[in-house]
Each structure stands twice: as C-alpha cells, then as structure tokens.
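Single-structure report; data block below.
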Amino acid sequence: MDFINFYKPEIGQEEINEVTECLKSGWITTGPRVKQFEADFINYMKAGKHAVALNSGTAALHLAVEAMGVRENDVVIIPTITFAATAEVLRYYNAIPVFIDCREDDFCMDMDKLEQTLEDIFDGRKVPGLPDNHGPVKGIMPVHFSGQAVDILRCKKIAKKYNLFIIEDCAHCCPSYFKDEDGAWKMVGSTADIACYSFYANKTITTGEGGMALTNNDKLAERIRVMSLHGMNNNTRNRFSQNGSWYYEISDPGYKYNLTDIAASIGIQQLKKADSFWEKRRAIAKIYSEELSGVPGITIPIEQSNRKHSWHLYIIRVDKDVTGVERQDFIYQLKELNVGATVHYMPLHLHPCYRDTFNLKKEDFPVSVRIFEQIVSMPIYPSLTEGQVKYICKAVKKIVCK
Ligand SMILES: Cc1ncc(COP(=O)(O)O)c(C=O)c1O
C-alpha cells in the first residue's frame, strides 16, 4: 500500500475552470466572485443575513472579537482543547482567555464546568489562570470540536444569564447540524451571534486559505466588513469601478483580511460539493466505526443522537494501559505501515505561552489532559477509498492486538 496521507484537498476540474475564468476576467482581488461566494454561503447555511468572506478562519475570529468590543483585561471563556487561533485573537487585545475543561464523550467544552466557572468568577472565587485585576467577563467562544456541535442551547442559556456574547468557532463545521429546542435540525453556526468558519486546506471545504464570518446582526457585519479592509468606508471594487468614486475615509485602523476572487473561485465550486463531500466522509466514518468498535483499548468517536457530525476529524483514543502502546509510538508505527495520522490538539493550557502567562497547571483541566494523552486523528477525506480505510483499520489492529 502506498503512503496514505493524513489529508488531501479535493480539487476538481470545476475549481480549476473557475479559477482560470477568474484569472482571465481581469478582476483577481475581492470582487464579484467573493460576493457570489458570500451569497452562496448564506444560501447553503439556510440562515444568516450577512456572510463576510475573509482570508482565514483566524481573521474571522479576530474581527468577531474586535466587533464585539473586546479590550484589554476583558475576560472571554474558551475550551482548552482547541486550535491556537481561538485564544490568540483574544491576546491580540491583551484580553484574558479563561479555559474550561472538555467532555470525555465529544471533547467539546463542558457546560457544567462553564457554569461553575462563571459562578466562581461572579462570586469572587479564584479560577485557574484568572489574575486578581481582571476586567469584566465579556463572552464565550465555544468550539464545535472536530465537527460535532457543543451543547449550544445550554451555552446560550448560560450566556443569557450572565449577559455574555457568544462567538461560535465553526472552523470544523461545514456542514454540521444540531437539534434545536423544537426538534428541528439546524446548521451549526446558523443561530450564532457571529459564527466563524475556516477554509484552510484540510477543512471540509477549502479555498486554500480562507474563512467566513456569518451573522444576522447588521452592525456587527458592517464592522467586520469595514475592519477587514483597513477600516475604509469604500471598498476596492467600488473605488475602481466605472461608476464608483476614489474617495474613502478611514474610521479606525483596520486590517488586511479580505478574500481574493481567486480563492473565492475555489470556494464557490467547493460549496456546491459540500454535501457530497460530507456524504463520503460519513461513509468513511461508518467503516472506521464498524471496523474498530470492540478493538481492546481503542475508543471510537460517538455521534450524539441530537447531532450530525461533519466528520472533519475522526479521532480515536488509544489506551496504553490496555494496548501496551504509547500514543506517540502508535502514530510512529502507523507511519511505518504507510498511514499518516496526527493529533488535534494539545490543550492550550499546556503550551508555554498560556501556561506561563497565566500560571496554569496541567491538573487544572484533568479531563482534557487525559483525552490529549490518548487521541489520534485518522485520515478522513472524500477521496479516501474503502480499501484504504480497511487497510488503515487492519494496521491499527496489527499495532494494538500484538
Ligand atoms: C478550531 C479552529 N479554530 C480556528 C482555526 C483557524 O482557521 P484558519 O487556519 O483558517 O485561520 C482553526 C484552524 O485549524 C481551527 O481548527
């Protein structure tokens, strides 16, 4: 078996044709294709009045935090198992991320612990990492980890009680669904104050690099749009078009986060395939789960009954006490057998940047640390064949059933 990559982007002739047309069109930066991608995204999500395309998911999170008015010493609550971006956008403003432990069964932020932490903060008790001179608690940034929704209904109730904003990190969720209070299926992110998506190369749909901020709020959308282009009140397309004017004013020092039409060309075609990509990832997840369930020492991911997983990531747990194999060694042995695998993610409170700045200890978030020591992300992408998935499962069994 040839080496099976951990990830492979699915770029077809449609994407190539659209990019070629864009290149030939004479307009390659933010313009008509970005506009179309934004409109298509709203349509696909069946929600959200405004979609602002940006050049990364991190940019979407950054501008969301900016639009919510996060400032120095403000406190924002995030899970400890997430990518660097969720926390770093808070540090851009010297705001304080307060971490929450994650759940054993879906690795998402634990809502009981979120509630307890907020109670502790508001009652003046100490919580890990929170300095005494902290500012007001402003918001919560839940992460729909690996593509399975957090308990967003409960999160919203908690946010309402404490008057906090919610920015949903939907980087793993295009598409993913949860059941609303009335039993209806809703797209993850479609009911958010602001939902931030990523189109990085290994995401469920890609633009190479790219992101989207989705919101129903006119003012937030306008702020994100203006700040994505230097704080200018007149966009490039208007300025250079026949009927446009060169004149613009700068309201605030903004950023350069706009998506190009070249990238949007890929996104337009990827979005058309989002459901068929999803079907293929679901089928792969099913094979993995059938093949690996019951293997001693391996725990397979469980899709909750009120969720539809995007299967951006298929994460298994390897218990070394049962298998006799350390996680690191397991990944190494998979590589020897021509299978690429990786880890998402080392909890942020273990990284020197957060550990040392906020004086955090490993044992502050014990469930996340326990999860982290066992997790392995397996290959999952539409072009992975059934034969390859079965080969991977055989390789797993060969390593752990010695
Ligand atoms: C949970 C999470 N949030 C945010 C991001 C940032 O997205 P991007 O790489 O598009 O900036 C990522 C990317 O991997 C992510 O996994």
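The values are calculated or read from the model by the stated rules, or taken from the named source; none is laboratory data. Given the structure is predicted, the values throughout are model-derived calculations rather than measurements. Cβ sites come from the backbone with ideal geometry, for glycine too, and all protein chains shown count toward neighbours.
One table, with the values for the structure above:
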{"quantity": "Contacts under 8 angstrom Cβ, first residue in the range 12-31 being surrounded by 16 or more Cβ atoms within 10 Å (Cβ to Cβ), partner in a loop (DSSP other than H, G, I, E, B) and aliphatic (A, V, I, L, M), 6 or more apart", "calculated": "C22/I28; T30/L259"}
{"quantity": "Selection within the range 171-194 - surrounded by 23 or more Cβ atoms within 10 Å (Cβ to Cβ), among the small types (G, A, S) and more than 11 Å from the ligand (Cβ to nearest atom)", "calculated": "S176, G189, A192"}
{"quantity": "Meets criteria (under 28 Å from N55 (Cα atoms) and either buried (at least 24 other Cβ atoms within 10 Å of the Cβ) or in contact with a strand residue (DSSP E or B) (Cβ under 9 Å, 6 or more places away or on another chain) (or both)) for T204", "calculated": "yes"}
{"quantity": "Count of residues meeting criterion [within 16 Å of the ligand (Cβ to nearest atom) and of a type in the set (A, V, I, L, M)] in the range 115-161", "calculated": "6"}
{"quantity": "Unique match (being within 16 Å of the ligand (Cβ to nearest atom), at pLDDT 95 or above and within 30 Å of N306 (Cα to Cα)) among D40, D106, D112", "calculated": "D106"}
{"quantity": "Residue that is nearest to the ligand (Cβ to nearest atom) [pool: residues in the range 195-224 that are under 17 Å from E66 (Cβ atoms), in a strand (DSSP E or B) and over 13 Å from the mean Cα position of the chain (by Cα)]", "calculated": "L214"}
{"quantity": "Every pair of residues 6+ apart whose Cβ atoms lie under 9 Å, when the first sits in the range 118-129 and is buried (at least 18 other Cβ atoms within 10 Å of the Cβ) and at pLDDT 95 or above while the second is in a loop (DSSP other than H, G, I, E, B) and charged (D, E, K, R)", "calculated": "P128/K361"}
{"quantity": "Failed condition for H230, given (1) over 19 Å from F165 (Cα atoms); (2) crowded, with 21+ Cβ neighbours inside 10 Å; (3) away from the ligand (no atom under 16 Å from the Cβ)", "calculated": "(2)"}
{"quantity": "Qualifying residue in the range 162-170 (condition: within 11 Å of the ligand (Cβ to nearest atom) and part of a helix (DSSP H, G or I))", "calculated": "no"}
{"quantity": "Hey, F6 in a helix (DSSP H, G or I), out of contact with any Asp or Glu (no Cβ under 9 Å at 6 or more places or on another chain), on the phi < 0 side of the Ramachandran plot and not assigned by TED's automatic domain parsing to the domain that holds M378 or not", "calculated": "no"}
{"quantity": "Matching residues in the range 289-337 - criterion: being of a type in the set (V, I, T), part of a helix (DSSP H, G or I) and touching a Phe, Trp or Tyr at 6+ places or on another chain (Cβ under 9 Å)", "calculated": "T323"}
{"quantity": "Qualifying residue in the range 87-102 (condition: more than 16 Å from the ligand (Cβ to nearest atom), over 16 Å from I158 (Cβ atoms) and either without any contact (Cβ under 8 Å) to a residue 24 or more places away in the chain or assigned to a strand (DSSP E or B) (or both))", "calculated": "yes"}
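Quick grid of which residues meet (1) buried (at least 19 other Cβ atoms within 10 Å of the Cβ); (2) under 30 Å from A184 (Cα atoms); (3) at pLDDT 95 or above:
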site	(1), (2), (3)
N306	no, yes, yes
I316	yes, yes, yes
K320	no, no, yes
K335	no, no, yes
V339	yes, no, yes
Y354	yes, no, yes
E386	no, no, yes
K394	no, no, yes
